[in-house]
There are 4 protein chains.
Amino acid sequence: MSSQDPVHQHADCIAACNACAVACHHCAASCLQEPDVQAMARCIGLDLDCAQICQLSVALMAGGSEHAAALCRVCAQVCRSCADECGRHSHDHCQQCAEACRRCAGECERMAAAA
Amino acid sequence: MSSQDPVHQHADCIAACNACAVACHHCAASCLQEPDVQAMARCIGLDLDCAQICQLSVALMAGGSEHAAALCRVCAQVCRSCADECGRHSHDHCQQCAEACRRCAGECERMAAAA
Amino acid sequence: MSSQDPVHQHADCIAACNACAVACHHCAASCLQEPDVQAMARCIGLDLDCAQICQLSVALMAGGSEHAAALCRVCAQVCRSCADECGRHSHDHCQQCAEACRRCAGECERMAAAA
Amino acid sequence: MSSQDPVHQHADCIAACNACAVACHHCAASCLQEPDVQAMARCIGLDLDCAQICQLSVALMAGGSEHAAALCRVCAQVCRSCADECGRHSHDHCQQCAEACRRCAGECERMAAAA
């Protein structure tokens with residue numbers, strides 16, 4: 001791949017989205033096993049939204065889509081709201097997910113602003 | 001399902017997104033078989049973007065996500081640009097895809113405006 | 001589209017997969033709101049697996065993929081296990097989801113056998 | 001995350017699937033820009049199948065799904081056929097994609113065998 005191709009150009013954002021999707025799928029599954037699962041319902045829902053939009057953002061960035069920036073802008077919003085919700089819970093998986101979401105939001109905002 | 005659940009509330013938009021995703025995947029695969037495939041490159045790329053974002057929009061609407069309207073707003077933009085590109089080509093699959101994209105764009109705009 | 005194109009050829013299976021994906025996303029979200037959500041953890045997990053593999057099956061069938069039958073074979077298995085789990089719960093969304101899963105499993109088995 | 005959680009347990013396979021999905025989306029988009037795009041039609045189709053099933057495999061592994069191994073088994077088959085096709089073409093993106101597909105196939109086979 002050349003240094004101008006979308007995979008290199010968006011390497012940091014792609015990596016952050018992939019890490020965030022994995023953290024979100026893991027957090028959702030782990031929340032479902034917690035004794036206080038009822039308190040985790042919104043967290044689980046946002047985890048799943050966030051995981052799926054992160055994976056689609058990767059697909060569009062890697063494919064050099066002309067709509068990648070528009071999707072990353074929404075992805076950043078979903079990551080922020082997922083980070084806020086996860087950050088409220090003390091479970092390790094929630095705290096780690098919140099961190100992954102915050103990093104991903106930052107990368108997606110940077111990507112969308114540069115486009 | 002009750003009449004207020006998201007599946008009923010967004011039934012028309014979900015149906016339009018599903019029809020659009022199918023038309024887009026079919027159009028992309030059909031474009032790849034055309035003798036003038038080189039002229040279809042942008043059409044194929046937009047078809048794939050559009051198919052994937054339509055399927056994610058269905059997932060978020062059916063799951064009652066608080067981010068469904070934000071995603072549908074971007075989905076409408078992708079549908080509009082895919083409809084414009086497909087509309088330029090006389091292949092049956094392109095014309096049918098353009099029509100599915102326009103209907104889906106309209107439904108997604110209505111859904112996003114109502115949210 | 002001609003009568004031999006994959007969209008017409010697999011029309012029933014595509015429709016069943018789309019209906020199943022919507023029912024599964026709805027069931028998962030509804031389970032998360034139930035007072036007995038702890039008892040619904042496996043149901044939610046299977047709903048999400050099933051919804052996602054159904055949507056991918058649609059993508060591969062509509063695109064005429066040479067791997068569509070192989071994916072539909074696994075999709076049928078996931079639908080069967082989701083139907084079994086949903087069928088154990090009396091919530092309306094679970095019963096409706098179990099029915100959608102059973103229909104989809106049947107269509108996917110037929111599609112895979114014909115390929 | 002504990003050392004037995006699915007994200008750690010399947011870390012190599014998740015990384016290989018993510019890398020493969022990115023390589024496949026990039027290869028498909030790059031093939032569409034090649035002067036010999038007509039000769040790349042099957043490569044593009046397999047790239048897209050492979051990218052999507054790799055991303056779903058990540059979702060199921062990260063979520064600890066009981067169906068992850070069954071999906072990884074099919075994912076390995078798709079990766080093998082995509083690697084074979086990409087390997088026939090001398091474009092850099094094809095050769096790099098073939099390599100990513102072979103690594104991913106190996107990881108998915110190992111994962112499925114261990115389950």
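Applying the selection to region D:65-109, what residues are outside any helix (DSSP H, G or I) and of a type in the set (Ser, Thr, Tyr)? Spell out the reasoning first.
Of the residues in region D:65-109, the ones outside any helix (DSSP H, G or I) are D:65-67, D:88-91.
Within region D:65-109, D:Ser65, D:Ser90 meet the criteria.
What single numbered condition from (1) over 10 Å from the mean Cα position of the chain (by Cα); (2) at the interface with chain C (Cβ under 9 Å from one of its Cβ atoms) fails to hold for B:Asp84?
All conditions are met except number (2).
Of everything in region D:20-54 that's within 13 Å of D:Ala83 (Cα to Cα) and of a type outside the set (A, V, I, L, M, F, W, C), which residue is surrounded by the most Cβ atoms within 10 Å (Cβ to Cβ)?
Here the residue is D:Asp47.
Among the residues of region B:1-25, count how many are within 12 Å of the chain's Cα centre (by Cα) and not polar (S, T, N, Q). I'd like the intermediate steps shown before the answer.
Narrowing region B:1-25 to residues within 12 Å of the chain's Cα centre (by Cα): B:13-25.
Of the ones still in play, those that are also not polar (S, T, N, Q) are B:13-17, B:19-25.
Here the count works out to 12.
Out of contact with any Asp or Glu (no Cβ under 9 Å at 6 or more places or on another chain) and either at pLDDT 95 or above or not small (Gly, Ala, Ser) (or both): which single residue out of C:Ser81, C:Ser90 fits that description?
On the way: C:Ser81 fails: out of contact with any Asp or Glu (no Cβ under 9 Å at 6 or more places or on another chain).
From the options C:Ser81, C:Ser90, the qualifying one is C:Ser90.
Which one is nearest to the chain's Cα centre (by Cα), of the residues in region D:55-81 that are among the small types (Gly, Ala, Ser), more than 11 Å from chain A (Cβ to nearest Cβ) and surrounded by fewer than 22 Cβ atoms within 10 Å (Cβ to Cβ)?
Among residues in region D:55-81 that are among the small types (Gly, Ala, Ser), more than 11 Å from chain A (Cβ to nearest Cβ) and surrounded by fewer than 22 Cβ atoms within 10 Å (Cβ to Cβ), the one nearest to the chain's Cα centre (by Cα) is D:Ser81.
Look at C:Ala51 and say whether it is part of a helix (DSSP H, G or I), in contact with a His (Cβ under 7 Å, 6 or more places away or on another chain) and within 14 Å of chain B (Cβ to nearest Cβ).
On the way: part of a helix (DSSP H, G or I): yes; in contact with a His (Cβ under 7 Å, 6 or more places away or on another chain): yes; within 14 Å of chain B (Cβ to nearest Cβ): yes.
Against the criterion (part of a helix (DSSP H, G or I), in contact with a His (Cβ under 7 Å, 6 or more places away or on another chain) and within 14 Å of chain B (Cβ to nearest Cβ)), C:Ala51 qualifies.
The values are calculated or read from the model by the stated rules, or taken from the named source; none is laboratory data. Bear in mind the structure is a predicted one, so any value in this text is a computation, not a measurement. Positions of Cβ are backbone-derived with ideal geometry, glycine not excepted, and every protein chain shown enters the neighbour counts.
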